[in-house]
There are 2 protein chains.
Amino acid sequence: MTAHPLAPLLAPSSVAIFGASNDPTRISGRSLRYYREAGYKGGLYPINPTRDTVQGLTAYPDLASVPGAVDCAVIAVPANLAIEAMESCVTKGVKGVVMFTAGFAEIGPEGRAMQERITQIARDSGIRLCGPNCLPLGMVTQSGAFGTHLLALAARRGIQVGVWMSTGNEADVAVADGISFMADDPETQAIACYVEAIKDGALFAEAVARARKNGKPVIAMKVGGSAVGAAAAASHTASLAGSDAVYDAALRQLGVERARTPEDLIEIAYACTRGRLPASRRLAVMTMSGGAGVLMADAAEEEGVELTPLSEESQKEVLSWVPFAAPRNPVDVTAQALNDPSILDKSFELLFGKENFPAMIGFFTTWASSPQMAEPLFKSVTGAAARYPDRYFALSAIASPEMQRRYEAAGVGLFEDPWAAVAAVAGAMRCAERIATPPLPMPPVPKNLPPLPQGRIAEHEAKRILAEAGVPILDERLVTNAGQAAAAAVEIGERLVLKIVSPDIPHKTEMGGVMLDVPASEAGAAFDQIVQRVSARAPRAKIDGVLLSPMVKGGVEMILGVQNDPVFGPVVMLGLGGIFVEVLRDVTFRIAPFGIEEAHNMIRELRGAAILEGARGQPPCDIDALAVALSKLSVFVAAQKGQFTSIDVNPLLVRPKGQGAAALDALILTPSAVANDDEVAP
Amino acid sequence: MTAHPLAPLLAPSSVAIFGASNDPTRISGRSLRYYREAGYKGGLYPINPTRDTVQGLTAYPDLASVPGAVDCAVIAVPANLAIEAMESCVTKGVKGVVMFTAGFAEIGPEGRAMQERITQIARDSGIRLCGPNCLPLGMVTQSGAFGTHLLALAARRGIQVGVWMSTGNEADVAVADGISFMADDPETQAIACYVEAIKDGALFAEAVARARKNGKPVIAMKVGGSAVGAAAAASHTASLAGSDAVYDAALRQLGVERARTPEDLIEIAYACTRGRLPASRRLAVMTMSGGAGVLMADAAEEEGVELTPLSEESQKEVLSWVPFAAPRNPVDVTAQALNDPSILDKSFELLFGKENFPAMIGFFTTWASSPQMAEPLFKSVTGAAARYPDRYFALSAIASPEMQRRYEAAGVGLFEDPWAAVAAVAGAMRCAERIATPPLPMPPVPKNLPPLPQGRIAEHEAKRILAEAGVPILDERLVTNAGQAAAAAVEIGERLVLKIVSPDIPHKTEMGGVMLDVPASEAGAAFDQIVQRVSARAPRAKIDGVLLSPMVKGGVEMILGVQNDPVFGPVVMLGLGGIFVEVLRDVTFRIAPFGIEEAHNMIRELRGAAILEGARGQPPCDIDALAVALSKLSVFVAAQKGQFTSIDVNPLLVRPKGQGAAALDALILTPSAVANDDEVAP
C-alpha cells in the first residue's frame, strides 16, 4: 500500500513552521495556533532564530536543529528568505511544503524567477509544494466526516484551505459563526459551506452580509432537499430543517451561491480563489477545437454567461492569421497555433486588449503537457495574465499537477472539462456580481403596531387589517339590511359582489352565500335573497351581515401567502393562481421584510411570469402594484412576527397596467383560532 | 517540463504488442491493426515467437530482441504468460503497459494473487499499468480535437478505450457507422458518443437499436443546444442540425443515455464498463458519514433511484452492531467500523444477501487510502463483489491510482464525489433498464396510401383525410343551402357550430364566419345569416358552403403538430393548449411512426400532464383516445413522408374518460400550397 502522495500535506506526522510568531493573533502566529487548537498530535517545531520558545513550544534557530524527522514545513517568511528555507527542507528530507509567502510571480519578473527556482527545487527533490501565495479557502461544514472528505477533495484540486470548521450538531457554534469568523479573517479569500440545516436564519443572514461586505464569495451546498435526504438529515443533525424551496430562495436572496454537488462546491471555490474575480458576465472563449467551442457556448447559455461577438474588425484580424478560423466568439483558431505559436499572444492581446473582455477561457486540451507546446503556451498565457492583472483568465486543459501549480501561481485556474470550466467561472461571475452590487435596501419594520386581534378574524376584518398595512383592497362595505345595501351600492359601482358574513359559514359558495355580478339597482333585493337563501340552508348560523364590493373583471389572479418558517421566520410566498400553483407548483419565496426591487426579482422568478407581462393578447398587468403589495405585506408580517400562524391573500387580482391590484379574499389565522374558511387554499 | 505521467499510454513513441496475431480480425490481431489504421507513426513491434512477420511487420520472438527503446507494451497473452511478459517489460525499460489479458482477480484467489504480483511489478518499476482485463469503451466523436481530449479524460479516469473513431465532417463515415461497428465488436462493452449533428436519423436509429440488441449501453453527448452553440456547430461541421428539443426526444425514444457534460459522459461510461450493470433502480447506500448519506439520498431522488428502506428486522440487526447507526437506507454505520471492521462484511452480507439489493454504493471517504483501513476495506468490498458477481458495487472513496485499479480489477468502480457516484450509477441503471426492456412495438406503416391532394386543402377536407388515418373528428357536414343545413342539423345534435368554407377567407372568425352554440332548430336561419354576414364583409369571396358540426363542451384542448425534421424526418409534437404551449413551451416530440405505448410515454412527459388526469376538480380525460390518435397520426405521416410540409391538429379536444377525442380544427400544408389559415397556430 502506497501512502497517498498528498499525505505529507494532508496528514503530516510532524510540522515545522518557519517564521512562527509568538503572537497567536498575527498571521505569522496563526498556523501554529491553528495546529494546536485543532488538537494536532504530531511534532510541532516553530523555527524562529530570535526566540527560545514560541507560544510555549521550544523554538529552533533553523530546520537542521530540529531533532528527528520533519514531514511537512509551513513557510511564512519573506520571499527573499523562502528559497533558503526551501533548501533546508530538501536537506532535512521534508516531504511537503505549504508556502504562504507572497511576492513571487504575482509581483513581476524577479518574483517569477524566484518562484520558478522554488518550483524547481520542489520538483527535483520530490517535495509536494502547496503555494506560494496560496489563496486560502475557508470551509465550514456541518458533518465532520463529510467535511474531512471535502477537505481532501479540495487538497486534490490544489485549493489551500486556510481555516476549516466542522460545527456538527451546533450545540454552540453554528455555520453562521464560522462564516462570520472567516468574513473577518484576512487570509480567507472565499468561504465554502456544507450545510444540513441552518439553526438561526437571522444569524446566518448577518454572517453572509458581513462576508459580502468584505468582498468574499460565500458558496454553499445545502443538502436534505429530498424526502429521504431530509429524514436522514434530521436524524443525523437532530435539527429541524425548513423546506428546501425556502432555503433555496433564502440563499438567493442573501446572495449565497448555491452549489448542487460537492464537485460544484469545490470547482466554484477553486474559481473564486484565483486571486481575482471576473468583473462581469462577458466572456471570451478561445479554442483550438471547434467541438469544444460549441459545448462551451452551450454551457455559457445554460449558465447565463454572455459570449458577445467580436467586432467585425477584430474578426477580420483573426481571419488574417487563420483564414479557416471561426472568429466570432467562441474564437476557434484551430490547431494552427501549433505551427504558429504567435497566434496565442496575438489572440490574448486582441481579446483582453482591443476587445476588452473582462474574462477569458481558453481550451487547449493536452497542449499544456505536450513537449512542443507546453512552454510556449505557459509563457503566452501567464504573460497575458501578468499584463492584464485585472482580468480573469482560466484554461480548460490537461496538465501534470506540477504544471497546474505553475499556472495557478500566475493566477490562472485549470479545468480538465471545458463545460466544468464555464460552469465554475460562471459561479465566480455570479459571486463577483453580488459583491459588486450593494445589497438591496431593506424597508424599515415599524415597531409598536397594534396587535392583531386574536381568535377568528372575519374576511372583511382581515382585508381591513391588510389594507392598513398597504395591501390594496376594493371599496367594500358591510351592510346589515336591504336599505343599507341599496344605499351602499350607489357608492360602490354598477355591478356588485355580495358575500354573506358569518362566523358559522366557512363554505360561503356552497351555502349560497355568494352572488356575483349583481346590478347596483338590484342590491337591496339581492341582500334579502342571499340572507334568505343562507338562512334556509343553515338556519342556526349567526349572520353578521353581507359584504358588498364592486365586481371587477380583467387581470391576473395571484396567490400570496405567509408562513412562519422554523429557520427564517415569516416567509412570503408568491404564485400565479389556477393551474400554475395547483399543477405546476410554480411558486417562489422571500424572507420578510424585503423592498420593492426584491419583490420584482421574486415576480421574475415565476415560470409563468410572462402571463403578467401580457401573454396571449391580454394587456400587461400592473406589476408595479403587485411588487408594492408584496413588499408591504412582507413589512407587515415582519412587524407582526409571532402574532399569526399564516396569512393568505387568495386571490390578489392584478389588474391591467395603471389600474392597480386588489385582494379579493384574505385569511389571517392566529395561534388561538382554527381555520374557518377553506375557500382560501394554502 | 515533466512529461505527463500517462504519456507512455496516451502518446507512446513506440509500442510492442505481445501475442500479436497475423489475423487482423482476431482479438489478438486487432491492437496492431488499430494502431496501423489510426496512422500511428511510432515504432510498432509485434512479439510472436512462432512467426517472422505479423501483418507484414517484422515479428520478434521476445521483447529483448526488439532493437531500440520501447515506450509502451500491449499484453494480450494468456494469464500464465503475462507475468513473464511484464518482467521483460521492466528489463526493457517500458514505461506503460496495457494489459488486455483476462483471468486475474475476477476468477478467484489464484488469479488475484497473479494480479497482485503484476501490480507489484508495475509499482516497483514505475510502469503505468492499464488493466488487466480492462473493459473497453468504444468512443465515437465528431470533433477530432475534442475527441482526443475526451480520450485523454477517459484514460485519466482509468477507462480503457478499445476503439475510437473520429468522424469529422462525415463526408463518408458517420457517427452511426461507428456505433454500428462497435455494436458488433466483441471487445466493446459500452459506446460513448460526442455528437454535433446527426446526418441520417434512420441510420442512427438502426445503429443504436443494434447496440441495444447486443446489450451495449449507448451514452451520447449532443452539443449545439444553445443558439450560439448551434451556430458554432454549423460553421464547424458544415451540417444542418435539427432542433435540440427534437434531438433530445429522439435520443430518449431510441434508448440513448444523453450526457449533459463531458464529465457526465466519462463518468456514466465508467459506470457502464465495470463488467456488470445494475439489475434495477433499487439501490442500497451504505456510509460512514451521515452527511454523505443525506446528499446521496438527495442525488438518488433527483436521478430517479429508489432507496427502499431495509426491513424492520434488518434495521434491528444494524442497530445491534452500532446502536447509534441510521439503519434505514442510507445505512449509516458511522465511523464505528474503524473500531470493528467486521461491520463491513456484516453490512455487505446483509444488503446483498438478506436484503437482496441489486446495487450498492458505499461511502468510505479516505479509508481506501488510510494505513489502517485500506486493506480491510479492500478485502471486504472485493470479497462481497466476488461472492455476488451479479450485483453492482461502487464506492465513493478517495484512493491512490494504484488502489483504484485494484478495485476496478475486481469490478468495483470508485468515485471521489458521492453525488457523482449516484449520478453515474443512475446512468448505468437507466442503460441497463433499456437493454433489459424489449423495444416498444413499431406499428407497420401502410404502403401505397392514396397521395395527398396538392394545393390548398380546406379544413373539412384535411379533417376527413386525418379521420381516414384514424384521428377522430366530429360528425360534420358541408352544406350549401339553408334547407340542407336544417336537414343535416337534425342528424348532428342539439347544439351546433357553423363555419364558413371559403378558400378566400383565411380568418374565419374576424369575417363573422363562425357561429357557436346554435340550436339545431335554428340551423337554417343561421346558415343564411352567416353567408349574408360574410358576403357583406368580403363580397368577392367564393363561398363553398358552411360546415356544420356538433357543439361539444368539456375536456382539455391539446395541440398536435407534425414537422419534417431535417435529421429524423416526420416528427410529431404534442402540447397542452393555451398557456402551456404559449407561455411555458411545454411540448414534447417523437419520431414517426410510434405505437400507443410510446404515445403514452410522450403524454407523461408533459409538465402539465396532471391536467389530463383530472386536476382542479375536473373529470379525468380520455388519455387512451389521445394516445391512439397520436400513434395513428404518426403512422399516417410516416406513410405520407415527403407529401406534406406540416400538419397541425389544433385543438384536439380530449373529452372525459370514455368519450374519446376529436380534432376540432386541422391544417395540412403541402409543398405546393401556402398557409391559408392562421387560426391554426404553429
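The values are calculated or read from the model by the stated rules, or taken from the named source; none is laboratory data. Small disclaimer: the values here were computed from a predicted structure and weren't measured. All Cβ positions, even for glycine, are placed from backbone atoms using ideal geometry, and neighbour counts span all protein chains on display. Accessible surface is based on the protein model in full, side chains and every heavy atom, while ligands, DNA and RNA are left aside. Shrake-Rupley method; radii C 1.70, N 1.55, O 1.52, S 1.80 Å.
Each residue in segment A:320-360 was checked for being farther than 16 Å from residue A:387 by Cα and away from chain B (no Cβ under 14 Å), and 7 pass. When we screen A:34, A:40 for residues that are part of a loop (DSSP other than H, G, I, E, B), within 38 Å of the chain's Cα centre (by Cα), modelled with pLDDT under 90 and more than 24 Å from residue A:114 (Cβ to Cβ), the only hit is A:40. Scanning segment B:318-337 for residues that are open to solvent by 50 Å² or more (accessible area, probe 1.4 Å) and in contact with a Ser or Thr (Cβ under 9 Å, 6 or more places away or on another chain) gives B:324, B:328.
Restricting attention to segment A:404-422, the residues being within 14 Å of another protein chain (Cβ to nearest Cβ) and within 24 Å of residue B:151 (Cα to Cα) number 12. Looking at this structure, is residue B:254 modelled with pLDDT of 90 or more and open to solvent by less than 10 Å² (accessible area, probe 1.4 Å)? Answer is no for this residue. For segment B:478-492, state whether one or more residues are open to solvent by 30 Å² or more (accessible area, probe 1.4 Å), at negative phi and assigned to a loop (DSSP other than H, G, I, E, B). Taking every residue of segment B:478-492 in turn, at least one turns out to be open to solvent by 30 Å² or more (accessible area, probe 1.4 Å), at negative phi and assigned to a loop (DSSP other than H, G, I, E, B). The residues of segment A:138-158 that are facing another protein chain (nearest Cβ under 8 Å) and outside any helix (DSSP H, G or I), listed by number, are A:141, A:142, A:143. On the given criteria, is residue B:436 aliphatic (A, V, I, L, M), surrounded by fewer than 23 Cβ atoms within 10 Å (Cβ to Cβ) and out of contact with any helix residue (DSSP H, G or I) (no Cβ under 6 Å at 6 or more places or on another chain)? In short, yes.
The set of residues in segment B:518-527 that are open to solvent by 20 Å² or more (accessible area, probe 1.4 Å) and either among the aliphatic types (A, V, I, L, M) or within 30 Å of residue B:632 (Cα to Cα) (or both) comprises B:520, B:525. Exactly one residue among A:129, A:135 is modelled with pLDDT under 80, within 14 Å of chain B (Cβ to nearest Cβ) and touching a Ser or Thr at 6+ places or on another chain (Cβ under 9 Å), and that residue is A:129. Determine, yes or no, whether residue A:426 is open to solvent by less than 20 Å² (accessible area, probe 1.4 Å), assigned to a helix (DSSP H, G or I), touching a Lys or Arg at 6+ places or on another chain (Cβ under 8 Å) and within 14 Å of another protein chain (Cβ to nearest Cβ). Yes. When residue A:323 is tested against (1) under 30 Å from residue A:192 (Cβ atoms); (2) without any contact (Cβ under 8 Å) to a residue 24 or more places away in the chain, just one condition goes unmet, and that condition is (1).
Of all residues in segment B:405-431, those that are closer than 20 Å to residue B:289 by Cα and touching a residue at least 40 places away in the same chain (Cβ under 8 Å) have Cβ atoms under 6 Å from Cβ atoms of residues that are of a type in the set (S, T, N, Q) and buried (at least 23 other Cβ atoms within 10 Å of the Cβ), 6 or more apart or on another chain, in B:415/B:396; B:418/B:396; B:421/B:396.
Among the residues of segment B:72-93, the one identified as in contact with a Lys or Arg (Cβ under 8 Å, 6 or more places away or on another chain) and surrounded by fewer than 18 Cβ atoms within 10 Å (Cβ to Cβ) is B:83. Is it the case, given these coordinates, that residue B:240 is modelled with pLDDT under 90 and of a type outside the set (D, E, K, R)? For residue B:240, the condition - modelled with pLDDT under 90 and of a type outside the set (D, E, K, R) - is met. Among the residues of segment A:268-292, just one is in contact with a Pro (Cβ under 6 Å, 6 or more places away or on another chain), hydroxyl-bearing (Ser, Thr, Tyr) and within 14 Å of chain B (Cβ to nearest Cβ), namely A:287. For beta carbons closer than 9 Å, sequence separation of 6+ or different chains, a first residue in segment B:256-271 that is under 18 Å from residue B:147 (Cβ atoms) and in a helix (DSSP H, G or I) and a second that is of a type in the set (Lys, Arg) and at pLDDT below 95, the qualifying pairs are B:266/B:156; B:266/B:157; B:267/B:157; B:269/B:157; B:270/B:157.
Taking the criterion of being under 27 Å from residue A:201 (Cα atoms) and modelled with pLDDT of 80 or more, the residues of segment A:150-163 that qualify are A:150, A:151, A:161. Condition first: under 30 Å from the mean Cα position of the chain (by Cα) and among the acidic types (Asp, Glu). Can you find one or more residues in segment A:329-350 that meet it? So far as segment A:329-350 goes, no, none of its residues is under 30 Å from the mean Cα position of the chain (by Cα) and among the acidic types (Asp, Glu). Filter segment B:294-317 for residues that are in contact with a Leu (Cβ under 7 Å, 6 or more places away or on another chain) and within 12 Å of chain A (Cβ to nearest Cβ); which is most open to solvent (accessible area, probe 1.4 Å)? Among those residues, the one meeting the criterion is B:306. Summed over segment A:392-403, residues that are under 28 Å from the mean Cα position of the chain (by Cα) and either within 13 Å of chain B (Cβ to nearest Cβ) or at pLDDT below 95 (or both) total 3.
Each residue in segment A:36-71 was checked for being open to solvent by 50 Å² or more (accessible area, probe 1.4 Å) and within 24 Å of residue A:165 (Cβ to Cβ), and 6 of them qualify.
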